[in-house]
Every structure is written in structure tokens, then in C-alpha cells.
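The values are calculated or read from the model by the stated rules, or taken from the named source; none is laboratory data. Keep in mind the model is a prediction, meaning the values are calculated, not measured. Note that we place each Cβ from the backbone using ideal geometry, even for glycine, and neighbour counts take in every protein chain shown. In case anyone asks, the SASA skips ligands and DNA or RNA and just uses the protein heavy atoms, side chains included. Shrake-Rupley method; radii C 1.70, N 1.55, O 1.52, S 1.80 Å.
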Amino acid sequence: MVEISRRILSKENTFLATRATRDVFQAVKKIDKRVQYNEAGRIIFIPNSEQKGQISIVTAGTSDIPVAEEARITAEVMGSRVISIFDVGVAGIHRLLDKRDILEKSRVIVVIAGMDGALPSVVGGLVGKPIIAVPTSVGYGANFSGVAPLLTMLNACASNVVVVNIDNGFGAGYTAHLINIQT
């Protein structure tokens, strides 16, 4: 990892490494002092000050924040402006409804949920924006390591919902950025 990082940093001004440990971060930091580490998202990166458009990242619960942070950092490093909205799941739908104006201003919304995975369909019904649904492997009940919310999201009745794989914050953030810069 350190050698790969060294090669990238010698040629590029941007940097992103996902699923990284603090030990790997400390080693990479010795190569380039600009790198930062997001503990929750387990991601090493160099921040990007140029941010365009608006992406919202929404989590059902606080246990979904690590995946949300991976998505957020990915989109920001690529050049998108991101607003995070945490803990607005269907069990407390009033918290989501209070944020509807933010969602309406976003070009694309990443919705992250475990447990029953219902939140992306709800958000998709509230706003006419592309929704990228991310099932997580955490949550109460029988979520079967993310398979239960994955199946729920794949069966969403809202036609503006697409789904990435379980815990794929990177893929969601990357795709959200691509949509954000197209509109």
C-alpha cells in the first residue's frame, strides 16, 4: 500500500485510498503531509477545495455513518459539494421531512440504510431526483449482513432508485459525483 501510494502521490495532486487502517495512514503521511484520514469512513485522502453542485448523503441511522463518510469523502475529493443528513430513518420520518428543502436542492441523493432498507424508496417518493441506495451490513434484526436491505432496495417501487452493493460507499460517492457534474 505504501509503495502504491508513493507512486500515485509522485504523479497526482489528488489521492484517495479506501478501507485503510490508521497504521496505513501513518505510513502514507510520511510520504505526503497533505493526506488526511477519516476514521469513521476508513479513508485516506487529499482534500479538494473545488466543489460543485450539491449531493445529499442521507443515513437511516447512526450505524450507517461509516459508509456515508466513505461516500462523502469520495464525492468531495472528486469535486462535489456534499451535505450530510444523518439519522433520519423511517422510524422517525419527521426528521427526514424537516430536511426536504435540502433534498430538493440536491442534484443526486445517496441514501444509506441497513435493517429493513426502506428509506431509499421513501426518499425517492418525496423528491424527483436520482437516488443511489446503499444497503449496509449493520442494523437490528435479521438483516443477514446486508442482504435484507439489499433485496428491499432492489424491489423499491420508486422508479428513481438505483442500488449499489452492500457497504459500497465508494461506488455510491463516485457515481453520485458523475451524476452531479452532468446536471
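Stretched out straight at 0.36 nm per residue, the stretch from Val2 to Arg34 would grow longer than its current Cα-Cα span by 10.0 nm. Ordering Val134, Ala113, Thr175 by Cα displacement along the dipole of the stretch 25-183 toward the positive end leaves Thr175 in first place; charges were set at the Cβ atoms of Lys, Arg (+1) and Asp, Glu (-1). What residues of the stretch 55-81 lie in the reach of a label at Thr14, counting those whose backbone N is under 12 Å from a point 7 Å from the Cα along Cα→Cβ? What the label zone holds, given the 12 Å backbone N cut-off, is 74-81.
Charge dipole (Cα centre; +1 on Lys/Arg Cβ, -1 on Asp/Glu Cβ; no other charges) of the stretch 45-94 amounts to roughly 160 debye. Measuring nothing but protein heavy atoms, the accessible surface of the stretch 10-99 at 1.4 Å probe radius is 48 percent carbon and sulfur.
Charge dipole (Cα centre; +1 on Lys/Arg Cβ, -1 on Asp/Glu Cβ; no other charges) of the chain amounts to roughly 560 debye. Just to confirm my numbers, what's the Cα centroid distance between the stretch 28-71 and the stretch 114-183 in Å? Measuring centre to centre over Cα atoms gives 19 Å.
Suppose all protein chains stay in the model; what accessible area per residue would a 1.4 Å probe give for the chain, in Å²?
Heavy-atom accessible area per residue stands at 49 Å².
With both bridge residues required to lie in the chain, what share of the DSSP beta bridges run antiparallel, to the nearest 5%? In the chain, DSSP labels about 20 percent of beta bridges as antiparallel. Estimated from the Cβ-Cβ distance and a Förster radius of 25 angstrom, the FRET efficiency linking Thr62 and Ile102 is about 0.85. When Rg and Dmax are taken over the Cα atoms of the chain, they come to 16.4, 49 Å.
Dipole check for the stretch 36-125: with +1 at the C-beta of Lys and Arg, -1 at the C-beta of Asp and Glu, and the Cα centre as origin, the magnitude is about 260 Debye.
Of Ile179, Ile43, the order by accessible heavy-atom surface (1.4 Å probe, DNA, RNA and ligands excluded), from most exposed downward, is Ile179, Ile43. Taking only the C-alpha atoms of the stretch 2-41, the Rg (one decimal) and the largest Cα-Cα distance, Dmax (whole number), read 9.5, 28 Å.
Given in Å, the Rg to one decimal and the Dmax to the nearest whole number for the Cα atoms of the stretch 25-108 are 14.7, 47.
Using a cutoff of 8 angstrom between alpha carbon atoms and counting only pairs six or more residues apart, the relative contact order for the stretch 36-183 works out to 25 percent.
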